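Peer 1: Mind having a look at this structure? Questions to follow.
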Amino acid sequence: MTADKSLIVAQGLTKTYTAKSGDVMAVKGIDFKVMPGTCTGLLGPNGAGKSTTMGMLMGLTRPTEGTLTIFGTPTSELTREQRVRISLVPQEDNLDPDLTVSENLFVYGLFFGIARSVLKDRVPQLLDYMQLTEKSGARVSQLSGGMKRRLTIARALINDPDLLILDEPTTGLDPQARVLIWQRLLELKKTGKTLLLTTHYMDEAQRLCDQIIMIDHGDILDEGTPRQLIKKHVPGHVFDMTKPIPKNLPLYEQEDVGDSVLFYVNDEDAVAFRKAIPEKATYLHRPANLEDVFLRLTGRRIRE
Ligand SMILES: Nc1ncnc2c1ncn2[C@@H]1O[C@H](COP(=O)(O)OP(=O)(O)OP(=O)(O)O)[C@@H](O)[C@H]1O
Ligand SMILES: [Mg+2]
């Protein structure tokens, strides 16, 4: 028998919040593993239980039931040496607004027990890495939302962690900043770091993640590589046909999405389907993607 090399192992992981209005079972006995040097995406609609799972990994929230280990050690028993190998980019920024950009990194580094002499080099390097050098003397309260997000990621790297947990790292960022963060995360993965992230951008998950775990209402719906999930859950081609829909189109699974109808067509039939579309019809033909899988598994209803 070979030893389990997983960096994270969750078994029967459960979290029930007790509130006056009634108990909320946010995570319902989930099992998953994360291998070192990979990027795992935890995807799910609002309220699915993603942040709660991350909170349990960080030791910020205690599991109600089940086991959760990181580096083979239960999260409640991690040593200080092990804890400093884990970093979190929280969903909501918790930077110190009264300190400057570089002071935020410095103070955080000192908290991790990193020597001032080391920080003197590392802080400017990280600011450069996240393209924040020009802002190093600015107060956090003077930064834009996207700059704060980049600073939070820089801060999470101050201790050179082996495991980086990122809760919606690119929410609210402009395309330039998102691309920068994608590049950085892929570079970090190449250096052997393990990434666990949540995102509501399916293109981002498809680009970055080796493994996707889809969750909803605290349960795992499915998991696999992006390619495996797409292959398993959706026919390969999507024809997004603008209304009015031409008559006499071949019959395929379809979904009304407002001003257009999506036709899901398998690989073998895609060419024939396209030929059957009248010339004056307006449509977009694209490969099936992770967003199709997400909507199929979790439905289109908006979460309250
Ligand atoms: N401190 C808390 N007390 C009570 N209920 C909570 C608490 N934190 C979260 N919940 C509830 O637990 C469920 C899961 O919340 P969680 O924050 O983990 O979702 P999420 O998947 O991160 O969603 P989002 O995409 O909106 O960030 C929700 O029903 C939420 O209302
Ligand atoms: Mg969340």
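Peer 1: Expressed as a whole percent, how much of the Cα-Cα distance distribution for the stretch 93-160 exceeds 16 Å?
Peer 2: Working: 779 of 2278 pairs.
Result for the distance tail: 34 percent.
Peer 1: Next question, about the same structure. Could you work out the per residue convex hull volume over the alpha carbons of the stretch 186-292, in cubic angstrom? Write down the numbers at each step before the final one.
Peer 2: On the way: hull volume 14.5 nm³, N = 107.
Considering the Cα atoms of the stretch 186-292, their hull volume per residue is 136 Å³.
Peer 1: Give the average over all directions of the projected area of the C-alpha convex hull of the stretch 235-287, one decimal, in nm².
Peer 2: Taking the Cα atoms of the stretch 235-287, their convex hull projects to 3.3 nm² on average.
Peer 1: Follow-up question, since we're still on this one. Which of the chymotrypsin sites (Phe, Trp or Tyr not before Pro) found in the stretch 76-118 are in a DSSP loop and have at most 16 neighbouring Cβ atoms, other than their own, within 10 Å? Can you show the working numbers first?
Peer 2: Details: sites: F106, Y108, F111, F112; in loops: F112.
Listed in order of number, the matching sites are F112.
Peer 1: Which whole-number percent of Cα pairs in the chain have a distance greater than 26 Å?
Peer 2: So the portion of pairs separated by more than 26 Å is 54 percent.
Peer 1: So in the chain, what percent of DSSP beta bridges are antiparallel if you round to the nearest 5?
Peer 2: Among the beta bridges of the chain, antiparallel pairing accounts for roughly 70 percent.
Peer 1: I would also like to ask the following. Could you list which residues have their amide H under 5 Å from that of C39, counting only those 5 or more apart in sequence or on another chain, with H placed in the peptide plane?
Peer 2: Residues meeting the criterion, in which the H sits 1.01 Å from N, are L195, D210, Q211.
Peer 1: Give me the number: length gained by fully extending T191 to L99, i.e. 0.36 nm times residue separation minus the C-alpha to C-alpha distance, one decimal in nm.
Peer 2: 30.0 nm
Peer 1: Another one. In nm, give the distance between the simple-model label positions of D31 and E268, each being 7 Å from the Cα along the Cα-to-Cβ direction.
Peer 2: Here the modelled spin labels are 3.5 nm apart.
Peer 1: Follow-up. Using amide H atoms built in the peptide plane, which far-off residues or other-chain residues are under 5 Å from A288 H to H?
Peer 2: When sequence neighbours closer than 5 places are left aside, the close amide H contacts are H237, V238.
Peer 1: How big is the Cα convex hull of the stretch 10-142 in projection, averaged over all directions, in nm²? Mind dumping the intermediate values first?
Peer 2: Working: hull surface 42.2 nm².
Here the figure is 10.6 nm², rounded to one decimal.
Peer 1: Here's a follow-up. Counting only helical runs of four or more DSSP H residues, what would the 222 nm mean residue ellipticity of the chain come to if each run contributes -39,500 (n - 2.57) and the total is spread over all its residues?
Peer 2: On the way: 10 runs with 96 residues, N = 304.
Calculated mean residue ellipticity at 222 nm is -9000 deg cm²/dmol.
Read the figures in this text as sums done on the coordinates, not as results from a lab. This structure is a prediction, so every number in the text was calculated from the model and none was measured. In this analysis, Cβ positions are derived from the backbone assuming ideal geometry, glycine residues included, and neighbour counts consider all displayed protein chains.
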